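Below you'll find the structure, written out as structure tokens, and then a few comments.
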Amino acid sequence: MKNRIGFWQEEIGLQEEALEMRTEIVRVGQGREAFTPQEEEALLRAGNIIKQGGLVAFPTETVYGLGGDAMNPESARKIYAAKGRPSDNPLIVHICRWADIGLVAERVPEAARRLGEAFWPGPLTMILPKAARVPKETTGGLDTVAVRFPSHPVAQKLIAYSGGYIAAPSANLSGKPSPTSAKYVIEDMDGRIDMIIDDGEVGIGLESTILDLASDMPRILRPGYITQEMLDKLLGKVDIDVTIVEPDSGQAPRAPGMKYRHYAPMGRLVIVEGTSGQVTEYINGHAAENQRAGEKTGVIGTAEVLEQYHADVVKCIGSRKDEETIARNLFSVLREFDDENVTSIYSESFPAQGLGQAIMNRLLKAAGHRIVKL
Ligand code: AMP
Ligand code: MG
């Protein structure tokens, strides 16, 4: 593990001293809805850490977040340092009551009210004009703020105990897949932050949908569990950032974070699109070739055709009939390949509709947009 952290540290230029903290790890979630007195006490302590300017990683329904006080510029700086994240990449402000949206946003348009009613608490982030009280450090220097009201009970309680506003990006080192389980948070953040709240695995596994409401027309900046179809239905037609539907457009994405190398496993990932016969044949051919060259090859396959693959490591991402499972498994499968030192990875492709739009968006990023169309 030291080597891996060392590798990323070098890659993103992290500072050595950030590695020397003691990180407390607390386990919650046994009782789920009803917290035990010990869990209550731990969450209260976690809230106090955030109030005092410290950092706590916590579960949400999407992925684990790395939380600090959204109203404290110093906390934002610490988050950027712990993640090795460029400081022009804004954080999402997490709230735990609908009314608080009006305290972080300067205006709350009618569309935001309707979206809140339909999808909050839940995996939707809204971009709105920023209220003056939100520091620029939290918004990466922007005049807009990203706001989300998560549905996870641990997240809600922590936000309430920490004063109501948690700034949080995903709790991974910058460039790595977002953590869908506490074990990956520990892998990336142990020694870098004050506390990690371990609630096992998350439910959704992809980050929230980001919808920009600060310009004339609502526009999806990052696809997620709340799909374009769901938003169209509620608001009439919504736009989508051109870089999501046309990744080769050459334009810069409007969500600053979407421009960075992201979600990447260490092995070289290639997506293969075609009929299932073409895909298995192509992948098996390349796996055999790689083997002769001394490379370790991994495959991301679906349950329906898994047995047809011949490679060093074959991982099942779920059934084609169940996109929610594919979404939930994607980031952990990518991380598992790192654990097995796989140097070359091939993945099946998925139709980019519904939840598939978010799945393909993350997969294409992880692959650096390498896709073979047969
Ligand atoms: P993460 O927390 O890792 O899910 O990253 C947060 C995402 O939200 C990044 O892609 C940011 O660029 C995006 N984001 C946060 N605030 C804004 C904003 N005001 N405008 C556009 N994108 C934002
Ligand atoms: Mg992230």
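Taken together, the values in this text are just the output of simple stated rules run on the coordinates, not laboratory data. From a predicted model like this one, the values you see are computed outputs, not experimental measurements. Backbone-built Cβ (ideal geometry, glycine too); neighbour counts: all protein chains shown.
Couplings 3J(HN,Hα) of the stretch 198-212, computed from phi: 9, 10, x, 9, 7, x, 8, x, 10, 5, 4, 5, 10, 10, 7 Hz, in residue order, whole Hz [Karplus 6.51 cos²θ - 1.76 cosθ + 1.60, θ = phi - 60°; x for Gly and Pro].
The distance between label points at ALA293 and SER249 comes to 3.4 nm (points 7 Å beyond Cα on the Cα→Cβ vector).
Near LYS296, once Lys and Arg are set to +1 and Asp and Glu to -1 for all other residues with Cβ below 14 Å from its Cβ, the sum equals -4. Applying the Karplus relation 6.51 cos²θ - 1.76 cosθ + 1.60 with θ = phi - 60° to the stretch 301-310 yields 3J(HN,Hα) values of x, 9, 3, 4, 10, 3, 5, 7, 8, 10 Hz, where x marks Gly and Pro. When the square roots of the Cα gyration tensor eigenvalues are ordered a ≥ b ≥ c, the ratio a/c for the stretch 277-348 is 1.5 or more and a/b does not exceed b/c, which makes its shape oblate.
Eigen-decomposition of the gyration tensor built on the alpha-carbon atoms of the stretch 79-196 gives equivalent ellipsoid semi-axes of 25, 17, 12 angstrom, largest listed first. Take the Cβ atoms of LYS51 and ASP232, set R0 to 56 Å, and the FRET efficiency comes out at 0.90.
Comparing mean-square fluctuations of ASP188, ASP216, ASP312 from a GNM of the chain with C-alpha springs under 10 Å, the top value falls on ASP216. If you wrap the chain in the convex hull of its Cα atoms and look at it from every side, the mean projected area works out to 18.2 nm². Taking amide H as placed 1.01 Å from N in the peptide plane, the amide H of ILE25 sits under 5 Å from that of ILE196, each at least 5 places away or on another chain. Highest-first packing order for the peptide set 42-48, 366-372 is 42-48, 366-372, based on the mean count of other beta carbon atoms within 10 Å.
Amide H contacts for VAL270 (H built 1.01 Å from N in the peptide plane; partners 5 or more residues away or on another chain; cut-off under 5 Å): ILE345, TYR346, SER347.
Within straight-line reach of LYS130, meaning a Cα separation under 30 Å, sit the following lysines at least 8 residues removed in sequence or on another chain: LYS51, LYS78, LYS83, LYS157, LYS176, LYS233, LYS237, LYS259, LYS365. Taking amide H atoms as placed 1.01 Å from N in the peptide plane, the amide H of ASP212 lies under 5 Å from those of ILE127, ARG219, ILE220, LEU221, each 5 or more residues away in sequence or on another chain. Taking only Cα atoms, what is the 0 to 90° angle, nearest 10, from helix 73-83's long axis to the longest principal axis of the chain? For 73-83 against the chain, the angle is about 20 degrees. Figure legend: label point modelled 7 angstrom from the Cα of GLN308 along Cα→Cβ; residues of the stretch 261-286 with amide N under 15 Å from it are 272-286. Counting 0.36 nm for each residue step from LEU374 to ALA131 and taking away their Cα separation leaves a gain of 82.5 nm. For the chain, the longest principal axis of the C-alpha atoms and the axis of helix 2-12 are separated by about 80°.
Near GLY191, within a Cβ-to-Cβ distance under 9 Å, what is the net charge of the other residues, with Lys and Arg +1 and Asp and Glu -1? That sum, taken over residues with Cβ under 9 Å, equals 0. Between helix 323-339 and the chain there is an angle of about 80 degrees, using the helix long axis and the longest principal axis of the Cα atoms.
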